[in-house]
1. So which residues in the range 94-110 are within 19 Å of the chain's Cα centre (by Cα) and in a loop (DSSP other than H, G, I, E, B), if there are any at all?
2. Just to verify a result, which residue in the range 177-197, among those that are at pLDDT 95 or above and not in a strand (DSSP E or B), is farthest from the chain's Cα centre (by Cα)?
3. Within the bounds of the range 73-84, is there any residue that is surrounded by 12 or more Cβ atoms within 10 Å (Cβ to Cβ), acidic (Asp, Glu) and either modelled with pLDDT of 95 or more or in contact with a helix residue (DSSP H, G or I) (Cβ under 9 Å, 6 or more places away or on another chain) (or both)?
4. Only residues that are over 17 Å from the mean Cα position of the chain (by Cα) and not in a loop (DSSP other than H, G, I, E, B): list them for the range 75-93, please.
5. Of everything in the range 146-171 that's small (Gly, Ala, Ser) and at pLDDT 95 or above, which residue is surrounded by the fewest Cβ atoms within 10 Å (Cβ to Cβ)?
6. I need the full set of residues from the range 124-152 which are closer than 17 Å to residue 59 by Cβ and either touching a Leu at 6+ places or on another chain (Cβ under 8 Å) or assigned to a strand (DSSP E or B) (or both), in order please.
7. As an exercise: evaluate residue 99 against (1) in contact with a helix residue (DSSP H, G or I) (Cβ under 9 Å, 6 or more places away or on another chain); (2) exposed (fewer than 12 other Cβ atoms within 10 Å of the Cβ); (3) at pLDDT below 95 and give the number of the one condition it does not meet.
8. Can you say whether residue 89 is at pLDDT below 95 and not aliphatic (A, V, I, L, M), as far as the supplied structure shows?
Amino acid sequence: MQPTSQCRGRTPARTGSTAVLGTWALLSLLVAVVASQPHAIAAADSATLPTPFSAAEIRDGWPEGFWLDTRQVTPQGERISRTIVTRWGQEDVTMVDVEFDGATEPTAEQISAATPSTTTWDELEAHARFDTSRSSRERHRRTTALGVDLDGWLYRVEGRQGGVSWFFFADDFPGSPVFYWQTKDGLTLFEAEQVARKLVP
């Protein structure tokens with residue numbers, strides 16, 4: 001898939017080896033894998049899986065002004081939020097999250113009223129560093145709202161209290177998973193999917 005200036009789409013029909021909807025779980029998430037695989041970033045130690053992207057790849061893909069929209073679905077309902085990079089630095093980044101209806105753009109007032117959050121690029125990479133004793137990953141191809149037949153890494157993480165979390169990171173979109181969901185006892189508890197994002201040339 002070749003990114004242009006913006007990517008936006010409707011959720012397609014369920015396809016692939018796993019079947020759900022989704023959006024993103026903002027950065028409170030992710031031995032050796034074949035060196036020839038793309039984005040196989042070395043693990044910090046043998047107790048964790050390699051991350052899908054390095055801190056530098058995330059930093060280069062999230063310049064100031066970058067944004068992405070995420071739709072989250074729970075048994076209680078659905079909401080859409082936009083994550084916006086308001087300040088970019090070599091070591092860290094400041095972002096805000098704005099909830100909106102998805103039909104119109106967030107207003108300047110909504111953005112200025114949002115509470116900023118600052119984190120380092122290394123911390124963002126570390127959100128995708130999972131314990132090998134509870135996790136596995138494999139190459140995966142999936143159609144999402146961002147594109148058809150996206151290639152990337154699918155991580156499966158077993159919860160300490162039961163249940164399983166799934167994270168799909170698409171190679172073309174550095175950063176958070178473009179598709180994320182949680183299941184327990186055969187039920188889907190949470191789904192999140194990136195539905196639009198400002199793409200970087």
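1. 102
2. 178
3. no
4. Of everything in the range 75-93, those that are over 17 Å from the mean Cα position of the chain (by Cα) and not in a loop (DSSP other than H, G, I, E, B) turn out to be 77, 78, 86, 87, 88, 92.
5. First, the residues of the range 146-171 that are small (Gly, Ala, Ser): 147, 152, 159, 162-163, 165, 170.
Subsequent filtering for residues that are at pLDDT 95 or above retains 147, 152, 165, 170.
Numbers: 147: 18, 152: 23, 165: 22, 170: 24.
Ranking the candidates gives 147 first.
6. 124, 127, 128, 129
7. (2)
8. Details: at pLDDT below 95: no; not aliphatic (A, V, I, L, M): yes.
So residue 89 fails the test.
The values are calculated or read from the model by the stated rules, or taken from the named source; none is laboratory data. Here the structure is a predicted model, which is why all the values come from computation and not from measurement. FYI the Cβ positions are ideal-geometry reconstructions off the backbone, even for glycines, and counts take in every protein chain you see.
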